[in-house]
Amino acid sequence: MPCERKPMRYGHSEGHTDVCFDDVGKYIVTCGSDGDVRIWESLDDDDPKSINVGEKVYSLALKNGKLVTAASNNTVQIHTFPEGDPDGILTRFTTNATHITYNSSGSRVAAGSSDFMVKVVEMYDSSQQKTLRGHTAPILSVTFDPKDEFLASASCDGSVAVWKIEEQTQVTSWPLLQKSNDVINAKSLCRLAWQPKAAKLLAVPVETTVQLYQRDSWAQVGTLSDDLGTQAINVVAWSPCGKFLAAGSIGGLLTVWDVESKLCVERQTHEKGYTVCGLVWHPSGGQIAYTDTEGCLGVLDGLSSSSSTTASSTTTKQAPASYDDLFDADDERPMDEGISEGTRSPPKNPVDEDDDDDLIPATGRARNRSAFLDDENSLDTGSLKQGLDKFVDDDDAGSAIVPPAAVAAPLRPVYDGPMPTPPQKAFQPGSTPAHLMHRFMMWNSVGIVRGYNDDQDNAIDVEFHDTAVHHAMHLTNSLGHTVADLSQEAVLLACPGTDELASKLQCLHFSSWDTNKEWMVDLPKGEDVQALCLGQGWVAAATSALMLRLFSIGGVQRELFSLPGPVVCIAGHGEQLLVVYHRGTGFDGEQALGVQLLQFGQKRRQVIHGEPLPLSRKSHLSWLGFTAEGTPCFIDSEGVVRLLNRSLGNMWTPVCNTRDNCKGKSDHYWVVGVHENPQQLRCIPCKGSRYPPTLPRPAVAVLPFKLPLCQTTTEKGQMEEQYWRSVLLHNHYSFLSSSGYEIDEEGQSQAQKEQQELLMKMFALSCKLEREFRSVELAELMTQNVVTLAIRYASRSRRMVLAQRLSDLALEKANQLQGEEPQEEEPLQYTRRNTGYSQSSSEMGADHQHSSHRQAQEEEVDEEQGQEEHMDEGDVAESKRQGLNPFAKGTAASPEKPSPRPVSKEGRVNPFKVSSGLGRSGSAVGQNRVTNVLDSMMSSSKKPTALQSSSGSMGTLNKTPFLKPLAPRPKTKTQSTLLHMKAANKKAAEEQEPAVCRLKQTEAPPPASPAENVENKKHKSGFQLWLEDNRRIILADNPDLEETDVIKEAIGRFRTLSADDRLTWTERAKGQSEDVADMKKRKRGEGETSRGDKNGQSEADETSAKKKKPLDTSAKLSAFAFNKN
């Protein structure tokens, strides 16, 4: 192929250059590292027009009078042509764009960038953009399918991918290239080229050859090579007719092939042997322009005549019906040459008979090679070629007769289902990609591990958020560690293996108390560490051999087990290990991941047994870990944060979507930590990228949680979201408590209070909206105290049917609690770990019989002391002051806070005041009576209740209940219901009298009242008498003891007494019991004048309880609801 190589012209400064022609071939346009674009009328133009577009220009494209350039300021700019006037910015990237190209019509521009993204932008409206994500390294080149359906891209991650533009999905990918971390370090620019017009073939330069891939099937159908080519091919370009392919290599070799015959028809060498980095055909096909890395421009001229001659002779010889027939002449070269195993299409040849189940995309017609060369009845290659020629072109008289088996082959069914998704590679949560020279190897709640790998240094820096844990460290990375983890105890590093060296796991145990703080272990040959994590006293490493190896923090090898699939990532926290792996092949962009959760410690068990990990549609896992409180959590590439809901059978609940907080489509949040209390998602905002830069140090932002409930703009939806979020994010209290950890008791009680307040607000809202059934549903979620408040609210709102329903619900809850008590009470004092609670629900649920006695006593005393009704509010306050337990810290300081109660606008109203001494109208008296009875239900919440549970628990040591009352606690569910039932026992005429008396009974000194309830049935024991005398001594020695701890201390001291001393106390108790009856009579006589004495009141209450029987709930409600005197 005779061709003339013109002398080269200097055009730009040394560095990368690019070249293109205008639409008609009148101008040659070049760009270079000097930031200029030059417009040449011909190679002999001594004064080309120059346009400066930036510091450096990496690529350019020209069509329809619009010149598009990729400059070093991270933008893709538009200039008019040939005027060169700026016409705006088409799109932006976070780093510089590396290659741009037009589609065949000039309506779209595709641009690849060093931030791993490919953008397809509409020229008429730059806001119409499509972003193709999937590469994990800078983009080398992009090219449009002439039919504008597909786009191909090459990347430094070693892959060449084909994308479906409209769906923004990856159709296929081939790992053909050598990996690198940046474009300047890439072995080849790998400028892809799609065959014009017919669009049948995609040309991919791979090393010293050009591989041809067929459209739709994406199978390799040929390879073009030149025996004289020893250097890698950098750039390829098709002739306008689509019959010739030109290539420029790193060594300066220019080659032109006839694609049909696969013969080299032209070979030229750069005059100085410089690398060819730009190559383009003239629109007429008679000329090739090329540029090199020294900034020079050259032209090959005189290609048109030979091209047309060859083309016409080829057409005369054979007119194939399709481009599939171009490659039947070359059966000596393997079709899948250069493609790595596992990802390419299976080779199709007559020998293979096991590929019937391979995936074959639909093409609408039978393919000549891929579709029927693996048929069981296939003949030899020569006869099949003849048969195929006959099948394709019936007019070819030279074709042989085709055997029936070959004719039947096209009827083979073609697969037209979902395509498999490339599996996600293993990664380390909290790290940025490994190919970056400066990267985060780990960022978590303990500190930051940075890796540096450039020409000057290969090192690792470890920085701690809290320098009290350890000072910062600088480590030389001579082994080439790529994954790391950091905890309060150690730094863990691992490097992949090489041909000579095994993969190594290195641990710097800086918290060790001995002097040797470092250990290292070599993995077996061929086994690489892919993921690792640190726990409390242990190390885990997942390897490429589908193994998970456990070590102690000091380096002792522990258990190892096999994983069901290739690992994706692992995370550790305390005694928990979370593992995510591929459980199969995903389809249509979905990843099929499985998750295992293992619990170490004394009882080792598997909590989650390989269930599927729920990701968003067409997304992949981007972060995995634990909250600061130890709840498993993960985040997918769509920004959805999911938390493990232990109370719902270990299901995953979405709690946040970081995309809702992003301002732009290309913005992301890079997560570094999750906290449940306070509710925070700690992450780094990344403008226009997925990963933050190492310098300057990025700032951490805090995002709130929000459950994706419906209608969260309404008041009802907002309260529902707050309630269920509070329930979910406080589940960790029960988990930590059951695991034996001490928990924040005050935080838990505050959370419970917040939840009950929200329920009460939703209850009130439902009442206002006339939704009584919904109100009962909400009441089922409430605690016993808050149900009482709900009854009170319903009664005041004149919703008697609702109040009746709530009363039934309260009684049902009381019965449920009563049934649970016997199983829980006895082991409570002795077997339950101390987790910060002073009382459990079973402790607060007291003995039903004692509670009944107390109610009866209260009612009897109310009748006897009715004449003291004139007592004013000052007396009430005084009685409250006198009724305080001298040993209690006070209810305000108690960690167990009363349940929330509604407060009126005037402040806290005295619920027991009957007379209207403040000027109330007579019409309010009936309302006040309703208030009194309902308020009395709440008043019992201040009564001490731990006595009964404690005495029941201690019964195993002493059959006689002997405990003193504890500090005032919230009333139990059982008591509130029974009090509710008893409180309405009186007739309407008596309702004014018991109010003040009940106040006296309730607010009297706690040390006397409950104890007398016990004494009504059994006399005091010797231990009780000894405890009364020595209680103050014990409290003086140990002022911070709770009541139950005081009793335990007293038991220990009483047992240390000699046998004679204990016998003396027992005889003294017996002597006192003889005078108990006389004492009670005297005290009953004095009960009318002394409020502090409770013995007579208790006796009277017992008598009254025998005489009276409670009314049913309906009678009770009708007794006080609308009574007016």
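The values are calculated or read from the model by the stated rules, or taken from the named source; none is laboratory data. Predicted model only: the values in this text are computed from it and were never measured. A quick note on method: Cβ atoms are made from the backbone with ideal geometry, for glycine too, and the neighbour counts reach across all protein chains shown. Side chains are part of the model used for accessible areas, which takes the heavy atoms of the whole protein and leaves out ligands, DNA and RNA. Shrake-Rupley method; radii C 1.70, N 1.55, O 1.52, S 1.80 Å.
Residue 801 - would you say it is modelled with pLDDT of 90 or more and either surrounded by fewer than 18 Cβ atoms within 10 Å (Cβ to Cβ) or more than 20 Å from residue 762 (Cβ to Cβ) (or both)?
On the way: modelled with pLDDT of 90 or more: yes; either surrounded by fewer than 18 Cβ atoms within 10 Å (Cβ to Cβ) or more than 20 Å from residue 762 (Cβ to Cβ) (or both): yes.
In short, yes.
In the set 1082, 1068, 1053, which member is assigned to a helix (DSSP H, G or I), at pLDDT 85 or above and open to solvent by 40 Å² or more (accessible area, probe 1.4 Å)? Spell out how you get there, then give the answer.
On the way: 1082 fails: at pLDDT 85 or above; 1068 fails: at pLDDT 85 or above.
The match here is 1053.
Out of all the residues in region 607-646, which are of a type in the set (D, E, K, R), in contact with a Ser or Thr (Cβ under 9 Å, 6 or more places away or on another chain), open to solvent by 10 Å² or more (accessible area, probe 1.4 Å) and part of a strand (DSSP E or B)? Outline the logic, then answer.
Residues of region 607-646 that are of a type in the set (D, E, K, R), as a first pass: 611, 617-618, 629, 636, 638, 642, 646.
Filter once more, so that each one left must be in contact with a Ser or Thr (Cβ under 9 Å, 6 or more places away or on another chain): 618, 636, 638, 642, 646.
Now restrict to residues that are open to solvent by 10 Å² or more (accessible area, probe 1.4 Å): 618, 638, 642, 646.
Selection gives 642 alone.
How about region 118-147: which of its residues are farther than 20 Å from residue 691 by Cα, at pLDDT 90 or above and small (Gly, Ala, Ser)?
Once the filter is applied, which keeps residues that are farther than 20 Å from residue 691 by Cα, at pLDDT 90 or above and small (Gly, Ala, Ser), region 118-147 yields only 141.
Output the number of the condition that residue 592 fails; it satisfies all remaining conditions of (1) more than 20 Å from residue 503 (Cβ to Cβ); (2) touching a Leu at 6+ places or on another chain (Cβ under 7 Å).
With respect to (1) more than 20 Å from residue 503 (Cβ to Cβ); (2) touching a Leu at 6+ places or on another chain (Cβ under 7 Å), residue 592 is out only on (2).
So the check is Cβ under 7 Å with 6+ separation or different chains; which pairs have a first residue in region 614-640 that's closer than 18 Å to residue 535 by Cα and a second one that's polar (S, T, N, Q)?
Going by the 7 Å Cβ cut-off, the qualifying pairs are 626/576; 628/445; 629/677; 630/576; 633/627.
Filter region 486-501 for residues that are among the hydrophobic types (A, V, I, L, M, F, W, C) and open to solvent by 10 Å² or more (accessible area, probe 1.4 Å) and give the result. Spell out the reasoning first.
Our first condition is that a residue be among the hydrophobic types (A, V, I, L, M, F, W, C); within region 486-501, this holds for 486, 490-495, 501.
Passing the criteria: only 501.
Determine whether region 575-591 contains at least one residue that is of a type in the set (Phe, Trp, Tyr) and either assigned to a loop (DSSP other than H, G, I, E, B) or surrounded by 21 or more Cβ atoms within 10 Å (Cβ to Cβ) (or both).
Taking region 575-591 and keeping what is of a type in the set (Phe, Trp, Tyr), we get 581, 587.
Imposing the further condition that a residue be either assigned to a loop (DSSP other than H, G, I, E, B) or surrounded by 21 or more Cβ atoms within 10 Å (Cβ to Cβ) (or both) reduces the set to 581.
Looking through region 575-591, at least one residue is of a type in the set (Phe, Trp, Tyr) and either assigned to a loop (DSSP other than H, G, I, E, B) or surrounded by 21 or more Cβ atoms within 10 Å (Cβ to Cβ) (or both).
Could you tell me whether any residue of region 704-720 is open to solvent by 70 Å² or more (accessible area, probe 1.4 Å), within 30 Å of residue 463 (Cα to Cα) and not hydroxyl-bearing (Ser, Thr, Tyr)?
yes
Which members of region 487-514 meet the condition of being assigned to a loop (DSSP other than H, G, I, E, B) and either touching a Leu at 6+ places or on another chain (Cβ under 9 Å) or over 15 Å from residue 555 (Cβ atoms) (or both)?
Residues satisfying the conditions are 487, 488, 489, 490, 496, 497, 498, 499, 500, 501, 502, 503.
Is at least one residue of region 745-752 aliphatic (A, V, I, L, M) and open to solvent by 30 Å² or more (accessible area, probe 1.4 Å)?
no
Please work out which residue is most open to solvent (accessible area, probe 1.4 Å), limiting yourself to region 190-205 and to residues that are in contact with a strand residue (DSSP E or B) (Cβ under 9 Å, 6 or more places away or on another chain) and charged (D, E, K, R). Give the derivation first.
In the first step, residues of region 190-205 are kept if they are in contact with a strand residue (DSSP E or B) (Cβ under 9 Å, 6 or more places away or on another chain); the result is 190-196, 199-205.
Applying the additional criterion that residues be charged (D, E, K, R) yields 191, 200.
On the way: 191: 15, 200: 55 Å².
In this case the residue turns out to be 200.
Looking at (1) in a loop (DSSP other than H, G, I, E, B); (2) open to solvent by 40 Å² or more (accessible area, probe 1.4 Å), which is the only condition residue 761 fails?
Condition (1) is where residue 761 drops out.
Only one of these conditions is not met by residue 242: (1) surrounded by fewer than 23 Cβ atoms within 10 Å (Cβ to Cβ); (2) touching a residue at least 40 places away in the same chain (Cβ under 8 Å); (3) touching a Ser or Thr at 6+ places or on another chain (Cβ under 9 Å); (4) not polar (S, T, N, Q). Which number is it?
Of everything listed in (1) surrounded by fewer than 23 Cβ atoms within 10 Å (Cβ to Cβ); (2) touching a residue at least 40 places away in the same chain (Cβ under 8 Å); (3) touching a Ser or Thr at 6+ places or on another chain (Cβ under 9 Å); (4) not polar (S, T, N, Q), residue 242 misses just condition (3).
For residue 440, all conditions in the list (1) aromatic (Phe, Trp, Tyr); (2) at pLDDT 85 or above; (3) over 28 Å from residue 511 (Cβ atoms) hold save one; what is the number of the exception?
(3)
Does residue 531 qualify as being in a loop (DSSP other than H, G, I, E, B) and either open to solvent by less than 70 Å² (accessible area, probe 1.4 Å) or of a type in the set (A, V, I, L, M, F, W, C) (or both)? Quick ask: steps written out before the conclusion?
Working: in a loop (DSSP other than H, G, I, E, B): no; either open to solvent by less than 70 Å² (accessible area, probe 1.4 Å) or of a type in the set (A, V, I, L, M, F, W, C) (or both): yes.
So residue 531 fails the test.
Being charged (D, E, K, R), on the phi < 0 side of the Ramachandran plot and open to solvent by less than 10 Å² (accessible area, probe 1.4 Å): is that true of residue 258 here? Before you say what the answer is, go through the steps one by one.
Numbers: charged (D, E, K, R): yes; on the phi < 0 side of the Ramachandran plot: yes; open to solvent by less than 10 Å² (accessible area, probe 1.4 Å): no.
No.
Test residue 22 against the criterion of being in contact (Cβ under 8 Å) with a residue 40 or more places away in the chain and surrounded by fewer than 20 Cβ atoms within 10 Å (Cβ to Cβ), and give yes or no. Steps first, please.
Values: in contact (Cβ under 8 Å) with a residue 40 or more places away in the chain: yes; surrounded by fewer than 20 Cβ atoms within 10 Å (Cβ to Cβ): yes.
Judged against the criteria, residue 22 is a match.
Would you pick out the residues in region 721-743 that are closer than 22 Å to residue 682 by Cα, surrounded by fewer than 18 Cβ atoms within 10 Å (Cβ to Cβ) and in contact with a Gly (Cβ under 8 Å, 6 or more places away or on another chain)?
Across region 721-743, there are no qualifying residues.
I'd like the residue in region 767-796 that is touching a residue at least 40 places away in the same chain (Cβ under 8 Å) and among the hydroxyl-bearing types (Ser, Thr, Tyr) and, out of all such residues, is farthest from residue 722 (Cα to Cα).
Only one residue tops the list, namely 795.
Here is a yes/no grid of residues against (1) of a type in the set (S, T, N, Q); (2) under 22 Å from residue 129 (Cα atoms); (3) at pLDDT below 85:
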residue	(1), (2), (3)
24	no, no, no
27	no, no, no
63	no, yes, no
71	no, yes, no
80	yes, yes, no
91	yes, yes, no
116	no, yes, no
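Quick check on my filter: what residues within region 686-702 are open to solvent by 70 Å² or more (accessible area, probe 1.4 Å), over 20 Å from residue 615 (Cα atoms) and not β-branched (Val, Ile, Thr)?
Looking only at region 686-702, we keep the residues that are open to solvent by 70 Å² or more (accessible area, probe 1.4 Å), and these are 687, 690-691, 693, 695-697, 699, 702.
Of the ones still in play, those that are also over 20 Å from residue 615 (Cα atoms) are 687, 691, 693, 695-697, 699, 702.
Of everything in region 686-702, those that are open to solvent by 70 Å² or more (accessible area, probe 1.4 Å), over 20 Å from residue 615 (Cα atoms) and not β-branched (Val, Ile, Thr) turn out to be 687, 691, 693, 695, 696, 697, 699.
Among (1) surrounded by fewer than 20 Cβ atoms within 10 Å (Cβ to Cβ); (2) of a type in the set (S, T, N, Q); (3) in contact (Cβ under 8 Å) with a residue 24 or more places away in the chain, where does residue 602 come up short?
So residue 602 meets the others, but not (3).
Of everything in region 62-78 that's closer than 19 Å to residue 27 by Cβ and open to solvent by 10 Å² or more (accessible area, probe 1.4 Å), which residue is nearest to the chain's Cα centre (by Cα)? Give the steps one after another, and end with the answer.
As a first pass, look at region 62-78 and keep what is closer than 19 Å to residue 27 by Cβ: 62-69, 77-78.
Keeping just the survivors that are open to solvent by 10 Å² or more (accessible area, probe 1.4 Å) gives 62-66, 77-78.
Numbers: 62: 45, 63: 45, 64: 47, 65: 48, 66: 45, 77: 38, 78: 41 Å.
Top of the filtered list is 77.
Taking the stated definitions as given, is residue 481 open to solvent by 50 Å² or more (accessible area, probe 1.4 Å), over 15 Å from residue 691 (Cβ atoms) and in contact with a strand residue (DSSP E or B) (Cβ under 6 Å, 6 or more places away or on another chain)? Don't jump to the end; show me each part of the working.
Values: open to solvent by 50 Å² or more (accessible area, probe 1.4 Å): no; over 15 Å from residue 691 (Cβ atoms): yes; in contact with a strand residue (DSSP E or B) (Cβ under 6 Å, 6 or more places away or on another chain): yes.
It is false that residue 481 is open to solvent by 50 Å² or more (accessible area, probe 1.4 Å), over 15 Å from residue 691 (Cβ atoms) and in contact with a strand residue (DSSP E or B) (Cβ under 6 Å, 6 or more places away or on another chain).
Which pairs turn up if I take residues in region 509-525 that are under 22 Å from residue 470 (Cβ atoms) and look for partners that are at pLDDT below 95 and open to solvent by 90 Å² or more (accessible area, probe 1.4 Å) with beta carbon separation below 8 Å, at least 6 apart in sequence or on another chain?
509/518; 511/488
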